[in-house]
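The next block holds one structure in the form of structure tokens; read it before the comments.
Taken together, the values in this text are just the output of simple stated rules run on the coordinates, not laboratory data. Quick caveat, the model's predicted, so the values are computed rather than measured. When we count neighbours, we look across all protein chains shown, and the Cβ atoms used for this are built from the backbone with ideal geometry, even at glycine.
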Amino acid sequence: MKRNFIKILGFALTGVLALSLGSCGGNSASDSEKNSESESVNKVDYPFYADEDSAAYEFTGNKFYNPYWLGNIMYNETVMLVDNGTSISGKLLHKPLKVLSVRDYTWQKEFKEGQDYTVTDNVINITSSSEIPYLTSENLLGDNLPEPYKLVDSIANVNTDAMKMASTIYTESSLIYGHQVSVTYVYDVRGLNKAVIPTFGAPKTKAKLSAGEPVKIVATGDSVMEGCSTSGHFNHEPYMGTFLELFKEGLKEKYTSEITVSNQAKGGMTSAWGSNDTQVNAMIAAKPDLLFVHFGVNDNGAGMSKNMYSDNIEYIVSKVKAALPDCEIVLIKCSTPNPVSYDSDVFKDYWKKLDNICENYSGVSSLDMYDLSLEILKTKKYMDITGNGINHLNDYSARLYSMAMLNSLIDYKND
């Protein structure tokens, strides 16, 4: 396990994500606001819409992966509360109309409104008597870390060790995920920015699923596609599966097809690894109907040029398409890693190259988690949605991946 983390760290791992922004305002809606919403919202467009007055916390089954933008409840959005010297607070994506629950990272311990926290507009604040965990601004720079965490030059103990990287910290310990709270709340769907909701096109795969035919799905990529730092993958509470596992669950719930998912991704890898013949032949041997390709963060961290990146991805596409012409391929523009540690211009160049590949090959499309994550960071901070401070998803941002993937293959509005 320790060797795994060190190996992954050498390439700076991968990714994060999250989802669209909403409006900001007061803590609760007036009666006139509620009436206005009920008159203006077309419930047909929101199949998971719930009555605000009767809405209650329930996080089981498809609540993990149903696209939240098709309803009016945000389940377990993560927020790290930070002491900046004047307040201990964090921001939510949307202004809650009603807070249903605030819980610790395990989803087991629930905090009480008024006693532990207050919410004003889209800001959650800690009270003086609160039991909610928080960090300080200097902690996030690697200074004066609370016990039992310690700053080191090389990770030896993944449960306690943290490293400074640029002007942030890297750790797979609970220093980060253990200081995030999960907030469930009702929000006003009229504040959704639907322009940033990602989707991809895979009509052949969708048709096979609808017909109940067997479907094979293969994924290749880096640590984000592998599932790091999802709690189940790293064996800590609340033990949630990876976004690819949630994706499979969502498909099995909606379709009768026999669905096979093979995850060939490996932490720390770049597109150079993904495009070597051993890996490409393994993808082809699995005979996928749908192939996901997720590279970029480690390539950026390694200083790979846009042309080399493009050549590697196109090699994968061309070889798979030559062997399996009916295979549909989705090139994922990964959720942004910590912006202080990676060159955003490099990502923009990479994504332009992916667009060119999509234009030149039939049955190849992209899933843009990158622009979505940038939109999120206009409101939230990176430490709200990361598992390791540098480039890994936490359980919440992983769920956003599965939501976007399922939204592309399931017509929820017509179910």
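Miscellaneous remarks
- Pairwise centroid distance, computed over Cα atoms, of the range 214-262 with the range 307-359, Å: 21
- If the segment from residue 211 to residue 305 were pulled out straight at 0.36 nm per residue, it would be longer than the present Cα-Cα gap by 29.6 nm.
- Top positive-direction residue, dipole computed over the chain with Cβ charges, set 264, 152, 409: 264
- A Förster radius of 30 Å, combined with the Cβ-Cβ distance separating residue 359 from residue 60, puts the computed FRET efficiency at roughly 0.10.
- Sorted peptide list for 41-50, 103-112, criterion being average Cβ within 10 angstrom, highest first: 103-112, 41-50
- Proximity of backbone amide H atoms, modeled 1.01 Å from N, is registered between residue 165 and 170 at under 5 Å, excluding neighbours fewer than 5 places apart on the same chain.
- Between residue 97 and 186, 187, 188, the built amide H atoms are under 5 Å apart, and every one of these is 5 or more places off in sequence or on another chain.
- Relative contact order for the range 194-414: 29 percent, from Cα pairs under 8 Å spaced at least 6 residues apart, divided by residue count.
- Under 5 Å, built H, 5+ apart or other chain: amide partners of residue 366: 201, 331
- Those GluC sites (Glu not before Pro) in the range 252-342 that DSSP places in a loop and that have at most 14 other beta carbons within 10 Å: 258
- Structure note, pairs 109/216; 150/306; 254/353; 206/380; 112/378: Cα-Cα distances above 32 angstrom occur for 109/216; 150/306; 254/353; 206/380.
- Mean residue ellipticity (222 nm) of the chain, computed from DSSP H runs ≥ 4 via -39,500 (n - 2.57), nearest 500: -8500 deg cm²/dmol
- Dipole magnitude of the range 240-318 about its Cα centre (Cβ charges: Lys, Arg +1; Asp, Glu -1), debye to nearest 20: 80
- Local electrostatic count at residue 144 - Lys and Arg +1, Asp and Glu -1, tallied over other residues with Cβ under 15 Å: -2
- When each of the peptides 151-158, 337-344 is scored by the mean number of other C-beta atoms lying within 10 Å of its residues, the order from highest to lowest reads 337-344, 151-158.
- Here the calculated FRET efficiency for residue 252 and residue 159, from their Cβ-Cβ distance with R0 = 30 Å, stands at 0.30, rounded to the nearest 0.05.
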